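Trainee: Take a look at the following structure, please.
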Amino acid sequence: MFNLKNSADVDGRLRSSRLPGERASGNAAYIQLRDRVQQRLLAEINPSAARGDSTEVRQAVERLFNETLAEYGLPMSRLERTDIFEQLLADLLGLGPLEALLADDLITEILVNGPNMVYIERSGKLELCGVKFRDNEDVMRVVERIVAPLGRRVDESSPMVDARLPDGSRVNVIIPPLSLIGPTISIRKFPKHALTPDELIKKGAMTPGIADFLRGCVKAALNIVVSGGTGTGKTTVLNALSSFIPEGERILTIEDAAELRLQQQHVVRLEARPANVEGKGLISIRQLVINALRMRPDRIVVGEVRGGETLDMLQAMNTGHEGSLTTVHSNSARDTLRRVETMVLMAGMDLPLRAIREQIASAFDLIVHLGRLADGSRKIVQISEVQGMEGDTVVMQDIFQFVQTTVENGKVQGYFTPTGVRPKFYGRLEAAGLFIQPSTFMPTDPGRIKR
Ligand SMILES: Nc1ncnc2c1ncn2[C@@H]1O[C@H](COP(=O)(O)OP(=O)(O)OP(=O)(O)O)[C@@H](O)[C@H]1O
Ligand SMILES: [Mg+2]
């Protein structure tokens, strides 16, 4: 079984596999070593009780690893030994080849497309990385480790599952026969640190002027919708906007998976619950929104509206819960309104379209639309005021926009500019005692932009 030709061969192969960002996991010699230790481990302990952080199991793996190395007379430096041991531990007890990617803070997304293709997103760019699994079963072993602690199961009868890692990272798993390329895992890593408004400015997602304007809008309790495509930074911006809510207000957050991190003291966090294995026990965002209204909130922050809860959210915004914030998946500020219309229809109330539009027009004050540009950067690309109704249409007016000029060395160049229109709600900002420099709304002269 363990038929290595000679120890120098194994040694060399294990060494050569340790390229940056890559592990020994795809390496035949390493796999043999790992399987041997695993076999012995299985014979000795109950693996389902095994947890990566249990010292007892860790010690057992270490002993078996040392014994196996000795058995085959593999010479190794202390450093190499530690390195390979850590990988082995991750493979046997943790999330295998994914551990190294999870530990790397620069990686924001991990996408496993079957055993041989693992993509990562680093600095906004998607790239194929060298990490590989042995086969489909190897991927499934990791999947089970992810979902088992949550009391979920992935098999032919439930081939799609949403889960979370203990650190809050979001995971979606879909397996054959639905996935035609083998078990597929998509992980959105939970950033260790949520970007603050200042950091968003530094990253070029907005300007200090835009941040001041948004701070005023949040303080003056406008209802704001953050919109954008998948992964454009909606939750990040929602979190940053929430940081502007004055201390002393009672904030209720409602989310599918708790991602928001508010610094204020008076925050009640609610999280929806998926159905269990028997399909029971579901508590939807909609139920939580309705319940939240009975909890005397000053502000309601809903992580994302996707369905019927949108109607309840609109009603809340129109009945004294101003200053509420949420996100919507959409392609432009205008598209956000169309999406919201469709989502209100999902509530099944059979409302006439005009009535829905009137609700939308009176509920929403501002739409902050995000985009992901060609170079992977995420920005606020459009800020529009929802002004009211004209005939059957909801009237919108852009207040700020990002104008892209060129792409230089793969980097998008451009500038943020006010459109020159002062928002109609400006009076509300003033009434709230907030003074925003009139120059904030003066269009930028492109000729004066520094390159
Ligand atoms: N302006 C930015 N610059 C750099 N990274 C950012 C920026 N905004 C967000 N990110 C990072 O991008 C990733 C996705 O952000 P976020 O979760 O906020 O997106 P989202 O639009 O809410 O995604 P989803 O559609 O999946 O809900 C996170 O890792 C986040 O830290
Ligand atoms: Mg989000």
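Trainee: What spacing in nm lies between the two simple spin-label points modelled at ASP350 and LEU293, each 7 Å away from Cα in the Cβ direction?
Mentor: The answer from the label model is 2.0 nm.
Trainee: Then there is this: Beyond a 27 Å Cα-Cα separation, which of these cross-linked pairs lie in this structure: LYS125/LYS424; LYS202/LYS411; LYS234/LYS411; LYS189/LYS219?
Mentor: LYS125/LYS424; LYS189/LYS219, as the Cα separations exceed 27 Å there.
Trainee: In region 97-191, what percent of the accessible surface is made up of carbon and sulfur (1.4 Å probe, ligands and nucleic acids excluded)?
Mentor: 57
Trainee: Based on DSSP H runs of at least 4 residues, each adding -39500 (n - 2.57), what is the mean residue ellipticity at 222 nm of the chain after dividing by all its residues, to the nearest 500 deg cm²/dmol?
Mentor: One gets -10000 deg cm²/dmol as the mean residue ellipticity at 222 nm.
Trainee: Using 1/(1 + (r/R0)^6) with R0 = 30 angstrom and r between the beta carbons of LYS125 and ASP392, what's the FRET efficiency to the nearest 0.05?
Mentor: 0.10
Trainee: Something else: Let's see if you can work this out: charge +1 on each Lys and Arg Cβ, -1 on each Asp and Glu Cβ, no other charges. What is the dipole magnitude of region 135-254 about its Cα centre, in debye to the nearest 20?
Mentor: For region 135-254, the charge dipole is close to 340 debye.
Trainee: Points 7 angstrom from Cα along the Cβ direction at GLU67 and GLU247: gap in nanometres?
Mentor: For GLU67 paired with GLU247, the spin-label model returns 5.9 nm.
Trainee: Quick one: which residues, 5 or more positions from ILE399 or on another chain, have an amide H under 5 Å from its amide H? H modelled 1.01 Å from N in the peptide plane, none for Pro or chain starts.
Mentor: Result for ILE399 returns ILE383, SER384, GLU385.
Trainee: What FRET efficiency, computed as 1/(1 + (r/R0)^6) with R0 = 25 Å and r the Cβ-Cβ distance, is obtained for THR230 and GLN265, rounded to the nearest 0.05?
Mentor: 0.15
Trainee: I would also like to ask the following. Over all distinct alpha-carbon pairs, what is the Kirkwood Rh of region 97-191 in angstrom?
Mentor: For region 97-191, inverting the mean 1/r across all distinct Cα pairs yields 13.3 Å.
Trainee: What is the set of long-range amide H partners of GLY96 at a cut-off below 5 Å, with H atoms built 1.01 Å from backbone N?
Mentor: Those lying under 5 Å, H to H, from GLY96 are ASP91.
Trainee: Here is a further query. What residues have an amide H closer than 5 Å to that of ILE283, excluding those fewer than 5 places away on the same chain, when H is modeled at 1.01 Å from N in the peptide plane?
Mentor: ARG273
Trainee: Quote to one decimal, in nm, the extra length available between ARG273 and THR319 on full extension: 0.36 nm per residue of separation minus the C-alpha distance between them.
Mentor: Here the segment from ARG273 to THR319 would lengthen by 13.9 nm.
Trainee: Right, next: Got a sec to turn the phi values of region 140-155 into Karplus ³J(HN,Hα) couplings, 6.51 cos²θ - 1.76 cosθ + 1.60 with θ = phi - 60°, whole Hz, x for Gly and Pro?
Mentor: Listing the rounded values in order: 5, 4, 5, 4, 4, 4, 6, 8, 4, x, 8, x, 9, 8, 10, 7 Hz.
Trainee: What share of all Cα pairs of the chain, in percent, falls into each consecutive 20 Å distance bin?
Mentor: For the chain, the binned pair fractions read 22, 46, 26, 7, 0 percent.
Trainee: Explain nothing, just compute: Karplus ³J(HN,Hα) = 6.51 cos²θ - 1.76 cosθ + 1.60, θ = phi - 60°, for every residue of region 210-215 in order, whole Hz, x for Gly and Pro.
Mentor: Going residue by residue, I get 5, 4, 4, 4, 5, 4 Hz, with x marking Gly and Pro.
Trainee: Quick one: length gained pulling VAL403 to ASP198 fully straight, 0.36 nm per residue minus the C-alpha distance?
Mentor: Result: 71.7 nm gained on full extension.
Trainee: In Å², what does the accessible area per residue of the chain work out to with a 1.4 Å probe?
Mentor: Computed with neighbouring chains in place, this is 48 Å² per residue.
Trainee: With θ set to phi - 60°, apply the Karplus curve 6.51 cos²θ - 1.76 cosθ + 1.60 along region 174-190 and write out the HN-Hα couplings as whole Hz, x wherever there is a Gly or Pro.
Mentor: Result, ordered by residue: 9, 10, x, x, 6, 8, 8, 10, x, x, 10, 10, 10, 10, 9, 5, 7 Hz.
Trainee: Suppose every K and R has +1 on its Cβ and every D and E has -1 on its Cβ; what is the size of the dipole of the chain about the Cα centre, in Debye to the nearest 20?
Mentor: Result for the chain is approximately 580 debye, rounded to the nearest 20.
Trainee: Rounded, prolate or oblate: which one fits region 338-426, using the alpha carbon gyration tensor with axes a ≥ b ≥ c (rounded when a/c is under 1.5, else prolate when a/b beats b/c, else oblate)?
Mentor: oblate
Trainee: List the equivalent ellipsoid semi-axes of region 168-256 in whole Å, largest first, each obtained as the square root of 5λ for an eigenvalue λ of the Cα gyration tensor.
Mentor: 33, 15, 12
Trainee: Percent of Cα-Cα pairs more than 23 Å apart in region 197-309, please.
Mentor: 32
Trainee: To the nearest 20 debye, what charge dipole does region 197-448 have about its Cα centre, counting +1 at the Cβ of each Lys and Arg and -1 at the Cβ of each Asp and Glu?
Mentor: So the magnitude is around 260 debye.
The values are calculated or read from the model by the stated rules, or taken from the named source; none is laboratory data. This is a predicted model, so every value here is computed, not measured. Neighbour counts are summed over all protein chains in view; Cβ atoms, including those assigned to glycine, are modelled from backbone coordinates with ideal geometry. To get the accessible areas, we keep the full protein, side chains included, count just its heavy atoms, and leave off ligands, DNA and RNA. Shrake-Rupley method; radii C 1.70, N 1.55, O 1.52, S 1.80 Å.
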